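Participant: Would you mind keeping the following structure in view while I ask a few things?
The values are calculated or read from the model by the stated rules, or taken from the named source; none is laboratory data. No experiment lies behind these values; they were computed from the predicted model shown. Every residue, glycine as well, gets a Cβ built from its backbone with ideal geometry; the counts of neighbours run over all protein chains shown. Heads up: the accessible areas ignore ligands, DNA and RNA and are worked out on the full protein's heavy atoms, side chains in. Shrake-Rupley method; radii C 1.70, N 1.55, O 1.52, S 1.80 Å.
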Amino acid sequence: MLFDFDGPICQLFPGDRSRPVADELRAMTDAFGAGDVLTSEERVDKDPHAVLKAVHRAGRNRSLPGLLEALEGLVVSGEVEAARRAWPTPDADTLIDLLSKRRTRMAVVTNNSPLAAEAYLDDKCLRRHFDVIQGRTADPSRMKPDPDVVFRALRDLKFASQDAVMIGDTGADVDAAGRAGVAFIGYGRNAGRREHLRAAGATVVIGSYGPLLRQARQPWEARQGEADESEDTFAGGAAGHHGGGDR
């Protein structure tokens, strides 16, 4: 099971909490003399990743020595700090614990820094459940919807694409999973998010982890006394169980 981090596991920047980080990146870009690389939309976007991508894009045709690396450092610091105050996604910890009991191998595949994911999971005593944490690299162009992070996780898990299911909450997640050949479950905490996921092409969309928790609990409780329990195949079962429609 592949989990996106911000959304399916926690809300890293609830509300507008990412805006100060984005503003700090814009201030550094301006101080560097490169403020003109930002579009009017990127000037007001609350997502720090928008500034990272803009500077990376401009750096292909313009010398901006050290700027991208400095901005990345600010984003990592902001994300790690935010992880200490992030809001847990309802029932995500329960689902992760149940999957672990069923011997489901899990990975995080995130556009955030892997250090932020590790900080949150360590704080919530969930890190031990994850075999792999893959996140943003020094190349912002490889962020989702590019499937690079998904392929890295699959490689580390030694899984074929058809053996995994990804849970995500954005159109970029839908695209990355599709391009990697991985089954996808969309998690939308409100109606707007769910509609966005369906518009992006997700055919399986849930509004809570209730359906997955029910499926995870029933087989586990029925078999927990069996001494010869085999490796879990929850991922494939989840994909089949949620084969169509909203939940």
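Participant: Is there a residue in segment 66-83 that is among the small types (Gly, Ala, Ser), modelled with pLDDT of 95 or more, closer than 21 Å to Gly168 by Cα and assigned to a loop (DSSP other than H, G, I, E, B)?
Facilitator: The answer is no, given that none of the residues of segment 66-83 is among the small types (Gly, Ala, Ser), modelled with pLDDT of 95 or more, closer than 21 Å to Gly168 by Cα and assigned to a loop (DSSP other than H, G, I, E, B).
Participant: Here is a follow-up. Restrict the check to segment 43-52 and report whether at least one residue is of a type in the set (Val, Ile, Thr), within 18 Å of Asp4 (Cα to Cα) and either in a helix (DSSP H, G or I) or modelled with pLDDT of 95 or more (or both).
Facilitator: no
Participant: Hey, another quick one. Only one residue in Ala27, Ala119 is surrounded by fewer than 20 Cβ atoms within 10 Å (Cβ to Cβ), assigned to a helix (DSSP H, G or I) and over 22 Å from the mean Cα position of the chain (by Cα), so which one is that?
Facilitator: Ala27
Participant: Select from segment 70-106 the residues that are more than 25 Å from His49 (Cα to Cα), open to solvent by 30 Å² or more (accessible area, probe 1.4 Å) and touching a helix residue (DSSP H, G or I) at 6+ places or on another chain (Cβ under 8 Å) and list them in ascending order.
Facilitator: Selection gives Asp91, Thr94, Asp97, Ser100, Lys101, Arg105.
Participant: Would you mention how many residues in segment 57-69 are surrounded by 15 or more Cβ atoms within 10 Å (Cβ to Cβ) and over 16 Å from Glu41 (Cβ atoms)?
Facilitator: Residues in segment 57-69 being surrounded by 15 or more Cβ atoms within 10 Å (Cβ to Cβ) and over 16 Å from Glu41 (Cβ atoms): 4 in total.
Participant: Next up: Of (1) of a type in the set (S, T, N, Q); (2) free of Cβ contacts under 8 Å to residues at least 40 places away in the same chain; (3) closer than 23 Å to Ala27 by Cα, Ser100 satisfies all except one. Which?
Facilitator: Just one mismatch for Ser100, condition (3).
Participant: Scan segment 84-92 and tell me whether some residue there is in contact (Cβ under 8 Å) with a residue 60 or more places away in the chain and aliphatic (A, V, I, L, M).
Facilitator: Taking every residue of segment 84-92 in turn, at least one turns out to be in contact (Cβ under 8 Å) with a residue 60 or more places away in the chain and aliphatic (A, V, I, L, M).
Participant: A follow-up question, please. If you scan segment 174-233, which residues turn out to be part of a helix (DSSP H, G or I), of a type in the set (Asp, Glu) and at pLDDT below 90?
Facilitator: Glu221
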